[in-house]
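Q: Quick one: the structure is below, and I'll ask about it shortly.
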Amino acid sequence: MAAARRIVVKIGSSSLTTAAGGLDADRVDALVDVLAKVLGQDAGGDGGANGGAGGGAGAGGKEIVLVSSGAIAAGLAPLGLDRRPRDLARQQAAASVGQGLLVARYTASFARYGRRVGQVLLTTDDTSRRAHYRNATRTLDQLLAMGALPIVNENDTVATDEIRFGDNDRLAALVAHLVRADLLVLLSDVDGLYDGDPRTPGTSRIDEVKGPQDLAGVSIGSAGRSGVGTGGMVTKVEAARIAAAAGVPVVLTSASQAGDALLGRPTGTYFHRTGRRSADRLLWLAHASEPRGALTLDDGAVRAVVERRTSLLPAGIAAVEGEFTAGDPVELRDTEGRAVARGLVNFDAKEIPRLIGRSTRDLARELGPAYEREVVHRDDLVVLHRHG
């Protein structure tokens with residue numbers, strides 16, 4: 001932990017807002033004080049003394065990417081809303097107003113240390129499609145290289161299903177993978193993962209999680225208590241599992257102990273790596289994309305895709321459902337309707353019925369060379385569950 005150079009920090013709405021739901025400037029400043037100190041500055045120093053040194057890497061060579069919730073919460077009071085709305089349109093309106101307020105507050109707060117910030121708003125399409133994924137990676141890397149601290153949020157003003165993404169916990173895990181982070185720090189209003197409700201006498205904090213077996217029998221609550229966010233401990237543990245499986249260790253602790261976590265001191269719950277780091281975007285395809293439709297595969301195609309990790313050809317398709325266009329994510333199912341994989345499809349939904357069960361050679365002869373290709377290429381396909 002102490003040796004981690006590139007760190008992704010996620011902060012939730014409940015840690016940034018007042019009880020009434022508005023943005024709490026003091027809480028934002030407290031977080032920025034900690035981040036600035038970790039980046040190598042004297043927390044009590046004058047921001048101008050360093051000539052606007054930027055926010056990517058501090059004297060110790062550390063880099064921080066901040067995934068910050070709070071846009072919707074920040075927009076509630078200015079719009080006269082006393083609680084987070086349930087309908088999507090008003091959530092988007094609140095996010096539109098609140099995102100500007102949130103970034104303005106961070107900009108002013110980091111300016112006290114002569115540090116620049118850059119806003120990065122993402123949707124799942126930005127990171128599951130190949131070209132978009134490269135663009136997102138390049139933007140974040142360039143911000144860090146130029147000494148700016150990226151502040152990442154989901155683009156809630158235009159997101160639809162994605163707006164209930166898990167209060168940015170899952171987004172933070174995927175960003176940690178995207179930027180090849182050495183550590184992910186999830187900050188909450190609770191100082192770690194407990195083996196039950198932390199408010200109940202007799203429960204204790206779990207200091208380390210080395211694998212799924214350490215969570216067997218652990219009761220994890222599902223809802224936050226503040227009413228301004230959407231996440232709870234369930235989304236945080238799921239995010240920790242995603243990051244750990246992608247080779248990124250995770251610390252889950254409270255916002256008040258952020259400094260200890262970032263400096264490598266024992267705090268909260270530490271999730272050990274459970275998998276190896278990979279440089280592809282398939283983690284996003286598996287955990288962030290929303291399928292636009294489904295393809296049912298015959299038994300032979302299921303075995304080929306799942307066990308041999310081959311591309312999906314038209315001959316192996318038994319049925320199609322949904323409305324999608326080429327490039328959209330689709331679910332691949334076995335004949336019993338179980339999802340076995342997910343991939344980016346190369347044809348529109350309306351084209352596929354005439355391809356079903358046919359060889360690419362026959363299709364090319366009848367329809368032209370554009371049809372002599374895979375329905376889902378293996379490079380754009382991720383296996384979700386082993387068949388059988």
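Q: Which order do the peptides 94-105, 245-256 take when ranked by the mean count of other beta-carbon atoms within 10 Å per residue, highest first?
A: Top to bottom by mean Cβ count within 10 Å: 245-256, 94-105.
Q: Something else about it: In the structure displayed, which of K37/K236; K10/K236; K62/K236 lie more than 20 Å apart, Cα to Cα?
A: With Cα atoms farther than 20 Å apart: K37/K236; K62/K236.
Q: Could you give the nm distance between label points at H272 and R83, where each point is 7 Å from its Cα heading toward the beta carbon?
A: About 4.3 nm, to one decimal.
Q: Given R₀ = 22 Å, FRET efficiency for R365-A319 by Cβ-Cβ distance, to 0.05?
A: 0.35
Q: Taking 30 Å as R0, compute the FRET efficiency from the Cβ-Cβ separation of D379 and M146 and round it to 0.05.
A: The pair D379/M146 has a calculated efficiency of 0.45.
Q: How far apart, in nanometres, would the label points at S96 and R354 be if each is projected 7 angstrom from Cα along the Cα-to-Cβ direction?
A: Result for the modelled spin labels: 4.2 nm.
Q: Let me ask you something else. Quick one: length gained pulling A19 to R205 fully straight, 0.36 nm per residue minus the C-alpha distance?
A: Taking 0.36 nm per residue and subtracting the Cα distance, the gain is 64.4 nm.
Q: Quick one: if the Förster radius is 25 Å, what FRET efficiency do S256 and D197 give, using the C-beta to C-beta distance and rounding to 0.05?
A: 0.80
Readers should treat all values here as calculations from the given coordinates under stated rules, not as data from a laboratory. This structure is a prediction, so every number in the text was calculated from the model and none was measured. Neighbour counts are summed over all protein chains in view; Cβ atoms, including those assigned to glycine, are modelled from backbone coordinates with ideal geometry.
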